[in-house]
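The values are calculated or read from the model by the stated rules, or taken from the named source; none is laboratory data. Since the structure is predicted, the reported quantities are computational estimates derived from the model, not experimental observations. Counting neighbours? That spans all protein chains shown, and the Cβs are built from the backbone with ideal geometry, glycine included. SASA here: full protein model, heavy atoms, side chains in, ligands and nucleic acids out. Shrake-Rupley method; radii C 1.70, N 1.55, O 1.52, S 1.80 Å.
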Amino acid sequence: MVKVRRKRKKISITKIRKRLVAFFKRLSVIEYIFISLISCGTLFLATFVIDKAYYDALVDKYISNLQNTTVIAAAEYSNYASLEDAVESGMNNRLNVASAIGNVRLRLVNSNLEVTWDTYGTDTSKTLINSKILQIFQNEKTISEFDKENGKVETATPVYNSSDELIAVLIGDLDESEVADVFEYVDDIDFALHIILVTVLLVILFINIHLIYKKLNKKLDLVADIAQGHTDRRLPEGKLTEYKRFASDFNKILDAASKVDDSRSEFVSNVSHELKTPITSIKVLADSLNTGEDFPIEVYKEFMADIVTEIDRESKIIDDLLALVRMDKSASALNITAVNMNEMLELVLRRLQPIAKKKNIDVLFESFRPVIANIDEVKMTRVITNLVENAIKYNESNGWVHVSLNADHQYFYIKVEDSGMGIPKESQDKVFDRFYRVDKARSRQTGGTGLGLSIVKNIILMHHGTIKLHSEEDVGTVFTIRVPINYVKEVK
Amino acid sequence: MKKITGMILIATMLINLVACQTSGSSYFYYYTNTSCVELIKKETKLKTDSNEEIIKALIDCMGTKSSDKKECVIKPDYVTDPTVSISNDYCLLDFDSSYYQMDSYTEVLYRAAMVKEITQLKDIEYVEFNVDGEDLVKNNKEVGVMTASDFVDDANNGDDSVEWTNVTLYFATKSGDKLIRYNRTLSHSSNVSAEKLVIETLIKGPTQAGFYRTLPSDVRVLSVSVIDGICYLNLSSEFVDEMVNVTSEIPIYSITNSLCSLEGIDAVRILVNGDSSISFRESISLDTEFEFNESLINE
């Protein structure tokens with residue numbers, strides 16, 4: 001039993017640790033900690049720097065005041081020939097006054113290092129060992145010192161008599177508690193300021209971050225919702241620039257995805273419809289043969305021929321579909337070889353000669369120059385075949401088809417022009433769409449699947465070429481394709 | 001075996017080198033710095049019992065050159081070491097005439113160092129210097145008998161600049177209408193005047209039971225100076241703004257009596273933020289000099 005309990009304890013500790021780690025990985029927490037540390041750091045640094053500057057300035061001021069008082073008091077002695085004369089004139093009292101006014105302690109030290117007068121009374125007639133005094137008796141310069149450790153401010157200045165002889169040293173000391181008092185006061189303010197500002201900062205920062213991340217998390221929740229399957233939802237844009245940008249792009253992705261979905265469903269439904277049509281015809285034909293009655297053998301032969309036509313049609317549709325799907329998948333699987341375009345075109349036109357003859361359509365091939373291009377022969381053949389076939393199919397009897405081939409140093413151009421029925425303006429954009437047919441009835445008659453031009457466009461795009469169409473109803477149509485002579489795998 | 005003998009050799013060498021640092025009680029002695037303007041305190045441990053031996057050992061230590069280049073022996077070489085004689089708490093050092101060859105300031109340094117070193121022994125209080133059997137004369141004055149307190153060493157701030165002053169303070173009784181005397185010896189740094197010390201202690205308040213404060217605890221002393229026997233005390237506004245649970249005379253005379261107990265102060269003048277025309281608690285005008293009031297003291 002004990003072992004189980006221990007395990008549970010271990011588990012809960014790891015759980016707690018995991019939770020802690022997860023907590024600290026949250027951006028809101030990291031930012032909060034970071035910003036509060038930086039701001040607090042800045043605050044403390046600022047008060048520290050200001051305090052130090054103020055402290056230094058204040059000490060300087062105190063020292064200069066002290067120096068002033070001391071030096072001025074010392075200067076009075078130059079009116080007298082000796083220390084004794086000065087004392088007799090009441091100099092000691094004047095020292096007391098100076099001491100009281102300047103709030104400093106003054107001690108006069110003679111050349112025996114004896115303190116002849118201490119305005120605080122304590123050191124009078126004692127011998128004072130003070131390095132400043134000894135230094136002054138050596139080199140006669142005023143010395144001031146601020147002993148930071150003990151908070152002591154002291155100045156020592158030489159005292160000259162009326163004959164300019166160095167007779168004594170006057171030492172001024174500042175009551176150090178004065179300096180300390182000021183700083184206690186400043187420290188108290190510092191402390192209060194720190195506490196208030198840090199508290200205010202932490203609270204405001206907390207609220208601010210909380211609000212920001214609440215909003216953000218709301219959006220993230222919505223995204224999670226969408227990820228779970230509610231793909232019809234969209235993010236509201238809001239007013240903030242970043243959120244607007246994110247929401248608009250995110251929604252665009254969803255829209256594109258849903259468009260893909262939609263077009264896929266549309267494609268599937270189109271395909272099913274297209275595939276069903278021949279089957280339905282076959283069924284009708286077969287059913288009518290299957291009524292149980294006896295028909296003359298010519299009827300059977302006719303209906304069978306029709307059934308075969310429909311089956312062929314279905315087969316062609318399926319082939320085209322497969323070609324299209326395969327092309328979608330393997331855009332990189334081009335079999336590039338050097339192909340003589342003139343020869344290829346002549347071949348295609350020769351193959352199509354029979355159906356052209358049927359409608360008595362004149363097919364003309366014009367080549368401005370010999371063209372050898374690096375292309376996928378099979379696919380390009382299919383393109384030309386499709387275009388020329390269309391030109392023949394959607395043409396009147398006794399019409400014409402012109403195929404021309406030209407090239408410059410970068411591209412080759414093939415123009416397929418016909419005198420057919422043309423394509424109405426509103427359909428001109430859509431002819432390259434899958435399964436689109438301007439006139440459904442008409443193309444059924446001519447045996448079209450609606451996929452031809454989309455296959456053509458696909459192949460041209462795979463070669464990084466362009467295809468354009470110009471058409472006028474009842475006048476004719478021109479398809480112009482432009483393909484790079486040398487296939488470059490990537491187009492920038 | 002070799003290692004052990006080696007270690008013993010090194011140990012004895014070290015002991016010889018550090019001749020003045022054998023085990024025993026610790027004593028201090030002085031060097032001076034290179035410019036001869038201050039005393040540098042050094043410590044040593046001595047084992048000898050007799051005071052004479054200790055003093056002689058300290059004189060030796062003082063005379064030994066220091067390994068630190070910044071420390072110098074105070075006494076110049078041409079001055080002979082004195083003979084030491086002790087009777088009870090009095091120590092006499094007899095020098096020869098080479099003593100007078102020292103320059104004035106070195107002489108003072110040396111004398112101060114010697115007196116301090118000698119009086120650190122518990123038994124010895126007084127030191128006298130003789131030159132060739134006669135009293136030491138400096139600037140035509142006999143130096144005479146010296147004690148430790150005759151020398152103030154500003155350099156070593158830690159111990160020497162702490163002064164102990166005996167003050168008499170007057171706090172309030174429980175009923176708040178009378179003053180009780182309170183005697184204390186307070187430590188303070190030497191640059192704090194006795195007056196300031198008294199007032200600040202009053203502000204801090206009493207620490208013993210039975211004594212009650214007379215002044216608000218956050219009063220600040222803006223300045224205090226004594227001129228011609230009158231102490232001018234400038235306090236911050238808390239003195240009148242904040243109330244202490246005593247009758248209105250008590251704060252004023254607590255200050256006055258305490259200050260007048262100091263030597264040199266006969267009367268006290270109180271200002272609040274520099275203003276001397278304030279009426280304390282609307283009843284007592286501060287525009288006067290207050291003197292020691294015996295009637296308020298609770299005997």
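Taking segment B:144-156 as the range and being facing another protein chain (nearest Cβ under 9 Å), open to solvent by 20 Å² or more (accessible area, probe 1.4 Å) and at pLDDT 80 or above as the test, the residues that pass are B:Ser149, B:Asp150, B:Val152. Among residues of segment B:225-247 being closer than 21 Å to B:Ile284 by Cα, surrounded by 14 or more Cβ atoms within 10 Å (Cβ to Cβ) and among the aliphatic types (A, V, I, L, M), the one that is farthest from the other protein chains (Cβ to nearest Cβ) is B:Val246.
Considering only residues in segment B:195-221 that are out of contact with any helix residue (DSSP H, G or I) (no Cβ under 9 Å at 6 or more places or on another chain) and closer than 25 Å to A:Ser99 by Cα, the one that is modelled with the highest pLDDT turns out to be B:Ile203. Residue-level check: of (1) more than 19 Å from A:Met91 (Cα to Cα); (2) at pLDDT below 85, A:Leu128 misses just (2).
Please tell me if A:Gly90 is more than 10 Å from chain B (Cβ to nearest Cβ), out of contact with any strand residue (DSSP E or B) (no Cβ under 7 Å at 6 or more places or on another chain), more than 24 Å from B:Glu107 (Cβ to Cβ) and open to solvent by less than 50 Å² (accessible area, probe 1.4 Å).
Values: more than 10 Å from chain B (Cβ to nearest Cβ): yes; out of contact with any strand residue (DSSP E or B) (no Cβ under 7 Å at 6 or more places or on another chain): yes; more than 24 Å from B:Glu107 (Cβ to Cβ): yes; open to solvent by less than 50 Å² (accessible area, probe 1.4 Å): yes.
So A:Gly90 passes the test.
Number of residues in segment A:121-137 that are more than 7 Å from every other protein chain (Cβ to nearest Cβ), surrounded by fewer than 21 Cβ atoms within 10 Å (Cβ to Cβ) and on the phi < 0 side of the Ramachandran plot equals 1. If you filter segment B:25-69 down to residues that are small (Gly, Ala, Ser) and over 18 Å from A:Leu128 (Cα atoms), you find that the one that is nearest to the chain's Cα centre (by Cα) is B:Ser26. Restricting attention to segment B:49-64, the residues being polar (S, T, N, Q) and open to solvent by 60 Å² or more (accessible area, probe 1.4 Å) number 1. Across segment A:93-120, the qualifying residues are those that are at the interface with chain B (Cβ under 7 Å from one of its Cβ atoms) and either within 60 Å of the chain's Cα centre (by Cα) or part of a loop (DSSP other than H, G, I, E, B) (or both), and the one among them that is farthest from B:Glu38 (Cα to Cα) is A:Asn103.
The rows are residues; the columns are (1) of a type in the set (Val, Ile, Thr); (2) touching a Cys at 6+ places or on another chain (Cβ under 6 Å); (3) open to solvent by less than 10 Å² (accessible area, probe 1.4 Å).
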| position | (1), (2), (3) |
| --- | --- |
| B:Ser66 | no, no, no |
| B:Lys69 | no, no, no |
| B:Val79 | yes, no, yes |
| B:Ser87 | no, no, no |
| B:Ile118 | yes, yes, yes |
| B:Leu121 | no, no, yes |
| B:Tyr126 | no, no, no |
| B:Asn130 | no, no, no |
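Can you pull out every residue in segment B:120-139 that is closer than 23 Å to B:Phe28 by Cα and assigned to a loop (DSSP other than H, G, I, E, B)? Passing the criteria: B:Gln120, B:Leu121, B:Lys122, B:Asp123, B:Ile124, B:Glu125.
For segment B:181-209, how many residues meet the condition of being open to solvent by less than 40 Å² (accessible area, probe 1.4 Å), away from chain A (no Cβ under 12 Å) and either assigned to a loop (DSSP other than H, G, I, E, B) or of a type outside the set (Phe, Trp, Tyr) (or both)? Quick ask: steps written out before the conclusion?
Applying the first criterion (open to solvent by less than 40 Å² (accessible area, probe 1.4 Å)) to segment B:181-209 yields B:182, B:186, B:188-199, B:201-203, B:205-206.
Adding the requirement that they be away from chain A (no Cβ under 12 Å) leaves B:182, B:186, B:198, B:201-202, B:205-206.
Pick out the ones that are also either assigned to a loop (DSSP other than H, G, I, E, B) or of a type outside the set (Phe, Trp, Tyr) (or both) and you get B:186, B:198, B:201-202, B:205-206.
The qualifying residues number 6.
Do the conditions hold for B:Glu128, that is, is it within 23 Å of A:Ile133 (Cα to Cα), within 25 Å of the chain's Cα centre (by Cα) and among the acidic types (Asp, Glu)? Write out each step before concluding.
Details: within 23 Å of A:Ile133 (Cα to Cα): no; within 25 Å of the chain's Cα centre (by Cα): yes; among the acidic types (Asp, Glu): yes.
No, not satisfied.
Residue-wise test of (1) outside any helix (DSSP H, G or I); (2) open to solvent by less than 60 Å² (accessible area, probe 1.4 Å); (3) among the polar types (S, T, N, Q); (4) touching a His at 6+ places or on another chain (Cβ under 6 Å).
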| site | (1), (2), (3), (4) |
| --- | --- |
| A:Val29 | no, yes, no, no |
| A:Leu37 | no, no, no, no |
| A:Thr42 | no, no, yes, no |
| A:Val59 | no, yes, no, no |
| A:Ile63 | no, yes, no, no |
| A:Gln67 | no, no, yes, no |
| A:Ala75 | no, yes, no, no |
| A:Ser78 | no, yes, yes, no |
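Contact map, segment B:93-117: residues that are at the interface with another protein chain (Cβ under 8 Å from one of its Cβ atoms) paired with residues that are open to solvent by less than 10 Å² (accessible area, probe 1.4 Å) and basic (Lys, Arg), Cβ distance under 7 Å, separation 6+ or inter-chain. No pairs are found. The residue that is surrounded by the fewest Cβ atoms within 10 Å (Cβ to Cβ), counting only those in segment A:210-245 that are within 24 Å of A:Asp261 (Cβ to Cβ) and among the acidic types (Asp, Glu), is A:Asp232.
Looking only at residues of segment B:157-180 that are within 14 Å of chain A (Cβ to nearest Cβ), open to solvent by less than 50 Å² (accessible area, probe 1.4 Å) and touching a Ser or Thr at 6+ places or on another chain (Cβ under 6 Å), we find that the one that is modelled with the lowest pLDDT is B:Ser161.
So which residues in segment B:267-299 are within 14 Å of chain A (Cβ to nearest Cβ), surrounded by fewer than 18 Cβ atoms within 10 Å (Cβ to Cβ) and at pLDDT 90 or above, if there are any at all?
Applying the first criterion (within 14 Å of chain A (Cβ to nearest Cβ)) to segment B:267-299 yields B:268-269, B:271, B:274.
Checking which are surrounded by fewer than 18 Cβ atoms within 10 Å (Cβ to Cβ) leaves us with B:269, B:274.
Once the filter is applied, which keeps residues that are within 14 Å of chain A (Cβ to nearest Cβ), surrounded by fewer than 18 Cβ atoms within 10 Å (Cβ to Cβ) and at pLDDT 90 or above, segment B:267-299 yields only B:Arg269.
Looking only at residues of segment A:356-373 that are in a loop (DSSP other than H, G, I, E, B) and under 22 Å from A:Met341 (Cβ atoms), we find that the one that is nearest to the chain's Cα centre (by Cα) is A:Val371.
Of the residues making up segment A:265-280, not a single one is within 27 Å of A:Gly450 (Cα to Cα), in contact (Cβ under 8 Å) with a residue 24 or more places away in the chain and in contact with a strand residue (DSSP E or B) (Cβ under 7 Å, 6 or more places away or on another chain). Among the residues of segment B:211-224, those identified as over 19 Å from B:Asp287 (Cβ atoms) and of a type outside the set (D, E, K, R) are B:Phe211, B:Tyr212, B:Thr214, B:Leu215, B:Pro216, B:Ser217, B:Val219, B:Val221.
So is A:Asp173 within 10 Å of chain B (Cβ to nearest Cβ) and in a strand (DSSP E or B) or not? The answer is yes for A:Asp173. Could we say that A:Glu178 is within 21 Å of A:Thr70 (Cβ to Cβ), exposed (fewer than 15 other Cβ atoms within 10 Å of the Cβ) and charged (D, E, K, R) here? So A:Glu178 does not fit the description; no.
In segment A:138-157, the qualifying residues are those that are more than 10 Å from every other protein chain (Cβ to nearest Cβ) and more than 16 Å from A:Leu174 (Cβ to Cβ), and the one that is surrounded by the most Cβ atoms within 10 Å (Cβ to Cβ) is A:Glu140.
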